[in-house]
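First up is the structure itself, then whatever we jot down about it.
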Amino acid sequence: AQKITQTQPGMFVQEKEAVTLDCTYDTSDQSYGLFWYKQPSSGEMIFLIYQGSYDEQNATEGRYSLNFQKARKSANLVISASQLGDSAMYFCAMSSASGGTSYGKLTFGQGTILTVHP
Amino acid sequence: DSGVTQTPKHLITATGQRVTLRCSPRSGDLSVYWYQQSLDQGLQFLIQYYNGEERAKGNILERFSAQQFPDLHSELNLSSLELGDSALYFCASSPMRTGGGYGYTFGSGTRLTVV
């Protein structure tokens with residue numbers, strides 16, 4: 001069974017500062033994907049960044065980077081130069097290949113509420 | 001517009017009633033997933049369909065059922081509704097085989113309120 005743990009229920013950051021949101025995972029699968037999603041108060045799920053288990057380089061997407069430490073089973077999200085619009089719920093999630101397809105179900109963590117202060 | 005269409009966006013109904021939530025996947029995607037997001041349970045996987053067949057089952061109650069039709073749209077049926085079924089229900093879709101993080105596309109969700 002897969003499990004995602006996000007230990008920070010809430011985080012606060014000053015505008016323009018960097019912030020790290022923690023995520024650890026547990027799986028017995030060799031091939032898996034790690035995702036971060038943003039959910040603003042409007043409710044939609046917005047994809048931020050992805051890391052494949054075999055990717056040797058940490059993923060980056062603009063101001064988002066994923067600090068992937070495979071041996072420690074952690075996949076922390078780093079947001080640089082925080083903006084007021086970054087205030088939202090952030091979810092870490094994992095998928096594994098399933099039944100011949102590259103995508104199986106996503107297992108989500110409990111989420112971290114990020115608040116950016118001006 | 002993500003490409004995944006969920007209807008209705010909001011639904012208010014009474015306990016004991018039955019509702020149907022609808023999802024049209026992104027064009028070309030064969031898999032549909034249903035998730036329930038509630039305050040106490042977080043985001044829970046309910047069920048996955050792939051090209052019309054059930055592929056995986058999660059924490060889906062017996063009062064809930066789903067299906068995927070030949071045109072690949074999916075419906076989630078919730079019956080004998082209880083107050084605790086109030087939640088945001090997401091549908092997501094994905095293609096069969098591709099790499100990268102953009103494989104999953106989420107709809108905007110159906111917010112169900114049971115009164």
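The values are calculated or read from the model by the stated rules, or taken from the named source; none is laboratory data. This one's a predicted model, so the numbers in the text were calculated from it and none came from an experiment. For neighbour counting, all protein chains shown are included, and Cβ atoms are generated from backbone atoms with ideal geometry for every residue, glycine included.
If you check B:PHE64, B:PHE106 for being facing another protein chain (nearest Cβ under 10 Å) and among the aromatic types (Phe, Trp, Tyr), only one passes: B:PHE106.
All told, B:GLN44 falls short of being within 24 Å of A:GLY43 (Cα to Cα) and in contact with a Lys or Arg (Cβ under 6 Å, 6 or more places away or on another chain). Looking at the range A:95-114, which of the residues that are at pLDDT 85 or above and not in a loop (DSSP other than H, G, I, E, B) is surrounded by the fewest Cβ atoms within 10 Å (Cβ to Cβ)? Among them, the one singled out is A:ILE113. For A:GLY33, indicate whether it is buried (at least 17 other Cβ atoms within 10 Å of the Cβ), at pLDDT below 95 and assigned to a loop (DSSP other than H, G, I, E, B). Answer is no for this residue.
Considering the range A:38-66, the residues that are in a loop (DSSP other than H, G, I, E, B) and hydroxyl-bearing (Ser, Thr, Tyr) include one that is nearest to A:THR115 (Cα to Cα), namely A:SER41. Residue count for the range B:74-87 satisfying the condition of being surrounded by fewer than 17 Cβ atoms within 10 Å (Cβ to Cβ) and under 13 Å from the mean Cα position of the chain (by Cα): 2. Identify the single condition in (1) out of contact with any Cys (no Cβ under 9 Å at 6 or more places or on another chain); (2) within 14 Å of another protein chain (Cβ to nearest Cβ) that B:SER79 does not satisfy, given that it satisfies every other one. Unmet condition: (2). State whether one or more residues within the range B:77-98 are under 21 Å from A:SER96 (Cβ atoms) and charged (D, E, K, R). Yes. Looking at A:PHE68, A:PHE12, A:PHE47, just one residue is within 30 Å of B:ASN51 (Cβ to Cβ) and in contact (Cβ under 8 Å) with a residue 12 or more places away in the chain, and that residue is A:PHE47. Going through the range B:33-54 one residue at a time, which ones are under 16 Å from B:HIS73 (Cβ atoms) and crowded, with 16+ Cβ neighbours inside 10 Å? Scanning the range B:33-54 gives B:TYR33, B:TRP34, B:ILE47, B:GLN48, B:TYR49, B:TYR50. I'd like to check something: does the range B:59-71 contain any residue that is touching a residue at least 12 places away in the same chain (Cβ under 8 Å), touching a strand residue (DSSP E or B) at 6+ places or on another chain (Cβ under 6 Å) and of a type in the set (D, E, K, R)? No. Considered as a group, the residues in the range B:1-37 that are small (Gly, Ala, Ser) and at pLDDT below 95 include one that is farthest from B:PHE106 (Cα to Cα), and that residue is B:GLY28.
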